[in-house]
Amino acid sequence: MSSNLGHDMSKEKVGQWVFVCGPSGAGKDSVMSWAASFMAAQTNIVFARRMVTRPVQPGSDHDAMTLPAFEALLHDGGLAWHWHAHGNRYGIAGHYARHVAQGGIVVVNGSREHVNTLPTPGNCRVVQIVAEARHLETRLVQRGRDGEREIAGRLARNAQFLDLAADCTIVNQGELADAGLQLADYLLSCAR
C-alpha cells in the first residue's frame, strides 16, 4: 500500500487512521456500517469511502471508478492511500488525510494483505474482524459474488493471515450489534 499524506504534519495535532481488515465473509462491511450509524453524531470519526475499479454490487461500500480515472487521480496526487487486491485497484481520497491532520479519526476498509505496508508514523491502528470458517463460507455463498472455486480459494487464503498483527480483533459470529458495538467502543477509545 502506498501513502501520500501530502504535507508536513509535524506542527499539527495528528489524529488516527484506523485500518479495518478481515477475511471475505467476516462481515466487515456490515460491522463498519453498523458502527458508522451508531456513531453518526461523532463528527471527529469519519468512515472513508473507498474508490475501487470494479462495478458496485449489492451490499458494496465503494465508489466505482474506471482504471483510467483511478490512474489519473493517483497521478494527480488525489489519493491518501492506494493498493491492489483481488485484481482491482483501491484508493482513499486525499481529503481524508486533512481530517487526520486536524486530529480526527478516519476509518478505512482495507485488505489484510497490506497491513505490513501501512504508514508507520504511529498514527495508524489495525482492527481485524474475523469469524470461523463455517460462518465465512455460509456468508460467501449467500453473497453470491463468487463461484465454488473462488470461495474455496478465499477460505484457503486465510491461512496466510493467522499471525496478523492487529491492535483490536473482533469476532463477528453472533448479533451484528455485538460486533458493531465493539468496533464503536474501540473507535471511541481511539478518540480520547
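The values are calculated or read from the model by the stated rules, or taken from the named source; none is laboratory data. What you are looking at is a predicted structure, and each value in this text was computed from that prediction instead of being measured. Note: ideal-geometry Cβ built from the backbone for every residue, glycine included; neighbour counts use all protein chains shown.
Looking at the structure I just gave you, is G94 buried (at least 19 other Cβ atoms within 10 Å of the Cβ), closer than 30 Å to A72 by Cα and at pLDDT 85 or above?
No, not satisfied.
Of the residues A179, A191, which single one is on the phi < 0 side of the Ramachandran plot and out of contact with any helix residue (DSSP H, G or I) (no Cβ under 6 Å at 6 or more places or on another chain)?
A191
A single member of L118, L136, L140 is more than 20 Å from V171 (Cα to Cα) and of a type in the set (A, V, I, L, M, F, W, C), and it is L118. When N123 is tested against the conditions (1) surrounded by fewer than 21 Cβ atoms within 10 Å (Cβ to Cβ); (2) in contact with a Leu (Cβ under 7 Å, 6 or more places away or on another chain); (3) of a type outside the set (A, V, I, L, M, F, W, C), the lone failure is (2). Checked against (1) surrounded by fewer than 17 Cβ atoms within 10 Å (Cβ to Cβ); (2) closer than 13 Å to G22 by Cα; (3) aliphatic (A, V, I, L, M), V141 meets all criteria but (2).
Output the residues belonging to the range 28-80 that are assigned to a loop (DSSP other than H, G, I, E, B), modelled with pLDDT of 90 or more and under 16 Å from the mean Cα position of the chain (by Cα).
A48, R49, T53
Within the option set L118, L136, L79, L67, being more than 30 Å from A191 (Cβ to Cβ), touching a residue at least 40 places away in the same chain (Cβ under 8 Å) and touching a Ser or Thr at 6+ places or on another chain (Cβ under 9 Å) holds for one residue only, L136.
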